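To keep things clear, I will list the structure first and then write my remarks on it.
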Amino acid sequence: FPEQRFFLIRAHEGGFLAVHNRCPHLGCTVTWEPEKNHFLCPCHAAKFDFYGDFENPPVPRPLDTFKVTIEDRVVYVDTSTPEQRKHFEAEQLTYV
């Protein structure tokens, strides 16, 4: 959802996670590279895994997340406040 500034991830386990499309290092827009199964920041070639965890410097932390809620089987993402995290944890996934 590039216009809304996030990627909505559907985990293999079925849960959802919304990650910000801005690199936490300089704010560059990251892209998804499906053939490599990771996100890439074009400014410094920093990579983030499927869940937005950072894989190499100079990035200081994973991609920020947005709150996900599900009502009547509809997924909603609140993009008003990005949330910082230290790394991905399964508890960050939201399930139907």
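The values are calculated or read from the model by the stated rules, or taken from the named source; none is laboratory data. From a predicted model like this one, the values you see are computed outputs, not experimental measurements. When we count neighbours, we look across all protein chains shown, and the Cβ atoms used for this are built from the backbone with ideal geometry, even at glycine. What goes into the accessible areas is simple: the full protein's heavy atoms, side chains included, and nothing from ligands, DNA or RNA. Shrake-Rupley method; radii C 1.70, N 1.55, O 1.52, S 1.80 Å.
Here are the numbers:
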| read-out | value |
| --- | --- |
| The one condition in (1) part of a strand (DSSP E or B); (2) over 20 Å from residue 92 (Cβ atoms); (3) not aliphatic (A, V, I, L, M) that residue 57 fails to fulfil | (1) |
| Per-region count, the stretch 1-23, residues over 11 Å from the mean Cα position of the chain (by Cα), of a type outside the set (Asp, Glu) and under 18 Å from residue 81 (Cα atoms) | 3 |
| Residue 26 loosely packed, with under 14 Cβ neighbours inside 10 Å, among the hydrophobic types (A, V, I, L, M, F, W, C) and either in contact with a strand residue (DSSP E or B) (Cβ under 9 Å, 6 or more places away or on another chain) or without any contact (Cβ under 8 Å) to a residue 40 or more places away in the chain (or both) | yes |
| Where residue 32 falls short, out of the listed (1) open to solvent by less than 60 Å² (accessible area, probe 1.4 Å); (2) among the aromatic types (Phe, Trp, Tyr); (3) not in a loop (DSSP other than H, G, I, E, B) | (1) |
| For residue 40: the one exception among (1) closer than 28 Å to residue 96 by Cα; (2) over 11 Å from the mean Cα position of the chain (by Cα) | (1) |
| Residue identified as among the hydrophobic types (A, V, I, L, M, F, W, C), surrounded by 13 or more Cβ atoms within 10 Å (Cβ to Cβ) and touching a His at 6+ places or on another chain (Cβ under 7 Å) among 11, 18, 46 | 46 |
| Some residue of the stretch 60-70 being out of contact with any strand residue (DSSP E or B) (no Cβ under 7 Å at 6 or more places or on another chain), closer than 15 Å to residue 94 by Cα, open to solvent by 40 Å² or more (accessible area, probe 1.4 Å) and part of a strand (DSSP E or B) | no |
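To keep it simple, each residue is scored yes or no on (1) in a strand (DSSP E or B); (2) within 17 Å of residue 89 (Cβ to Cβ).
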site	(1), (2)
8	yes, no
19	yes, yes
36	no, no
43	no, no
52	no, yes
